[in-house]
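No lab work stands behind these numbers, since they all come straight from the coordinates. Remember, predicted model here, so these are calculated numbers, not experimental data. Quick reminder, even Gly has a Cβ in these numbers, built from the backbone with ideal geometry, and neighbours come from all protein chains shown.
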Amino acid sequence: MNFFFHVERGADYIRDEIGAVLPDAASAHAAALSRTRELVAEAIKSEKDLNLKSIMITDAQGTHIGRVYATDVVPCDLVHQICWSALS
């Protein structure tokens, strides 16, 4: 099956025109999790604002399959540590 991974960055919506052939929705969700982790890691390494809201997964007909938020891949305790240190 063809799946598409559309990126939401702030107010921008970057549409995936190429997609990927994967066996099922679970594989598409795993791919979206992996890509989200890569984007978060790239932002940390480059010391740039993440500005990533989510990756939305659709099938070839445009049916919404799922969504992975940037906050889904960052451990909660790490987010709290970062937020608390920024407030101190």
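For helix 76-87, report the angle its Cα long axis makes with the longest principal axis of the Cα atoms of the chain; keep it between 0 and 90° and round to the nearest 10°.
It is inclined by approximately 40 degrees.
Test of understanding: given the chain, find the longest segment containing no trypsin sites (Lys or Arg not before Pro) that are in a DSSP loop and have at most 15 other Cβ atoms within 10 Å. Intermediate results must be reported in sequence, preceding the final value.
Working: sites that count: Arg15, Lys48.
Counting at most 15 other Cβ atoms within 10 Å as exposed, the longest clean stretch of the chain is 49-88.
Could you state the angle between the C-alpha long axis of helix 25-46 and the longest principal axis of the C-alpha atoms of the chain, as a value from 0 to 90 degrees rounded to the nearest 10?
40 degrees
Based on DSSP H runs of at least 4 residues, each adding -39500 (n - 2.57), what is the mean residue ellipticity at 222 nm of the chain after dividing by all its residues, to the nearest 500 deg cm²/dmol? Don't skip to the answer; put the middle values down first.
Values: 2 runs with 34 residues, N = 88.
Using -39500 (n - 2.57) per qualifying helix, the result is -13000 deg cm²/dmol.
Out of region 24-61, which GluC sites (Glu not before Pro) are coil in DSSP terms and have no more than 14 other C-beta atoms within 10 Å?
Values: sites: Glu38, Glu42, Glu47; in loops: Glu47.
The qualifying sites are Glu47.
Which of (1) 48, 24, 20; (2) 65, 30, 18; (3) 65, 53, 15 is the computed Cα extents along the principal axes in Å for the structure on display?
Looking at Cα extents along the principal axes in Å for this model, the match is (1).
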